[in-house]
1. Of the conditions (1) at pLDDT 95 or above; (2) in contact with a strand residue (DSSP E or B) (Cβ under 9 Å, 6 or more places away or on another chain), residue 216 clears all except one; give me its number.
2. For the range 207-223, give me each residue that is under 30 Å from the mean Cα position of the chain (by Cα) and without any contact (Cβ under 8 Å) to a residue 40 or more places away in the chain.
3. For the range 185-204, enumerate the residues that are outside any loop (DSSP other than H, G, I, E, B) and surrounded by fewer than 17 Cβ atoms within 10 Å (Cβ to Cβ).
4. State all residues of the range 156-172 that are modelled with pLDDT under 95 and not in a loop (DSSP other than H, G, I, E, B); if no residue qualifies, say none.
5. In the range 88-143, what residues are farther than 22 Å from residue 172 by Cβ and among the basic types (Lys, Arg)?
6. If you scan the range 156-206, which residues turn out to be among the aromatic types (Phe, Trp, Tyr) and in contact (Cβ under 8 Å) with a residue 60 or more places away in the chain?
7. If you scan the range 141-169, which residues turn out to be crowded, with 19+ Cβ neighbours inside 10 Å and under 19 Å from residue 279 (Cα atoms)?
8. Please find, among 81, 109, the residue that is farther than 13 Å from residue 130 by Cβ, loosely packed, with under 11 Cβ neighbours inside 10 Å and at pLDDT 80 or above.
Amino acid sequence: MMRKIMVSLLYILLAAILLACGQTPAGATPDAGQVVADPTATPAAVTTTDEQPTATPAAETNAAAPAPTDTPVAAVPTPEPLFYNLPPATLTNATGLYASPNRAELIVPVPVPAGETIFVMGRNATGTHLRIVWNTGVGWVPVSFTSYNGQRDRMDALPIFEREPPACAVPLTTQFGLNSSWTSDITQRIAVIADLFRARYGEFPPSNLSLVVNGVVVESSRRQIVEQGQFSLKDVVFSIPQDLQPGDTVGYLLDTASDEPLTFMATLFSVPNNCKWKLD
């Protein structure tokens with residue numbers, strides 16, 4: 001009997017020692033809240049103390065981003081208006097810039113607002129339209145939409161464009177730049193009204209402008225540039241003696257020794273066989 005008592009006391013003592021070391025004796029149940037290591041778990045990777053912790057990107061943090069610092073924005077310069085050595089006029093009504101005084105096609109699909117300053121190159125023979133420059137576009141506007149309306153003396157002082165496009169001449173396209181080209185899709189006769197002008201006036205070397213068809217200069221179209229003003233070509237109509245065929249391409253050649261920047265604009269017209277237009 002004494003022996004059994006001694007064994008029980010030894011068991012109780014062993015259990016107390018194991019509990020004091022944080023272990024559970026075999027067959028005992030862990031207390032609530034006690035964490036027991038999983039023997040099947042893979043040990044966590046060990047990070048050496050020499051490595052620096054990776055910073056958390058700002059976008060992944062909950063901290064508010066600092067307010068941006070106000071940076072002065074550079075002022076965008078207002079473009080200087082273009083002035084030409086031509087009589088100015090004011091548009092009293094908004095209007096389109098027409099390819100012909102006898103048709104409704106526009107040079108560009110942009111209306112010229114009322115109040116704009118335009119520069120007058122001349123008028124048509126009947127005195128209904130002015131040929132004007134607006135920015136770098138050249139075209140026709142009704143006299144009644146300008147400050148020239150009712151100004152008989154001012155109208156009489158203007159040059160007359162004798163070879164204005166007739167109503168039978170159909171505008172095809174307007175091009176900007178001497179490197180432009182256009183390809184015909186049908187058999188047709190064409191004529192071209194070209195404007196070539198500069199930012200200044202004065203000396204300019206003898207030069208020629210010609211039409212080019214399929215890379216070949218049309219010699220009969222060559223026009224000599226003799227004026228020393230801003231506008232080198234006025235009231236000049238270029239033509240090609242034969243009809244263009246589908247696929248024929250029209251371009252331009254400026255033969256000059258000048259490297260001065262020039263503004264070029266050309267409007268191509270289709271001229272039916274029964275259309276009368278003084279082209280030569």
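The values are calculated or read from the model by the stated rules, or taken from the named source; none is laboratory data. Note that the coordinates shown come from a computational prediction; the quantities given were computed from them, not determined experimentally. Cβ: placed from backbone, ideal geometry, glycine included. Neighbour counts: every protein chain shown.
1. For residue 216, the failing item is (2).
2. In the first step, residues of the range 207-223 are kept if they are under 30 Å from the mean Cα position of the chain (by Cα); the result is 209-215.
Scanning the range 207-223 gives 213, 214, 215.
3. Step one: filter the range 185-204 for residues outside any loop (DSSP other than H, G, I, E, B), giving 188, 190-198.
Residues satisfying the conditions do not exist here.
4. Within the range 156-172, 156, 160, 161 meet the criteria.
5. The answer is 123, and nothing else.
6. Step one: filter the range 156-206 for residues among the aromatic types (Phe, Trp, Tyr), giving 161, 176, 182, 197, 201, 204.
Within the range 156-206, 161, 176, 182, 197, 201 qualify.
7. Hits for the range 141-169 are 161, 164, 165, 169.
8. Numbers: 81 fails: at pLDDT 80 or above.
Only one candidate qualifies: 109.
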